[in-house]
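Single-structure report; data block below.
The values are calculated or read from the model by the stated rules, or taken from the named source; none is laboratory data. Given the structure is predicted, the values throughout are model-derived calculations rather than measurements. Please note that ligands, DNA and RNA were not included when accessible areas were found on the heavy atoms of the full protein model with its side chains. Shrake-Rupley method; radii C 1.70, N 1.55, O 1.52, S 1.80 Å.
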Amino acid sequence: MEWYEARRGKVVRVRRGHWKDEFAGMSGTIQLCWGNSEHATVDVLLEDGRTELFWLPDLSLADEDIAV
């Protein structure tokens, strides 16, 4: 995921191979964006109701819409 794609409300998926295996493959929506283009992070409301902070390279845009 690129910094210019990170917007509040975007649906994303945590990439496989993330250092926290429990999040791999989970979908969620971006809640807040932090930092600048080179070091941006986002708060993601995951499908299980938790909010977690991720670096953009750990995420990809999801193909489907989900309601979280």
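The table for this structure:
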| item | result |
| --- | --- |
| Residue check, residue 17 over 8 Å from the mean Cα position of the chain (by Cα) and open to solvent by 70 Å² or more (accessible area, probe 1.4 Å) | yes |
| Hits in region 25-55 - residues which are within 14 Å of residue 4 (Cα to Cα) and either among the hydroxyl-bearing types (Ser, Thr, Tyr) or open to solvent by 10 Å² or more (accessible area, probe 1.4 Å) (or both) | 32, 33, 34, 35, 36, 37, 38, 39, 40, 41, 55 |
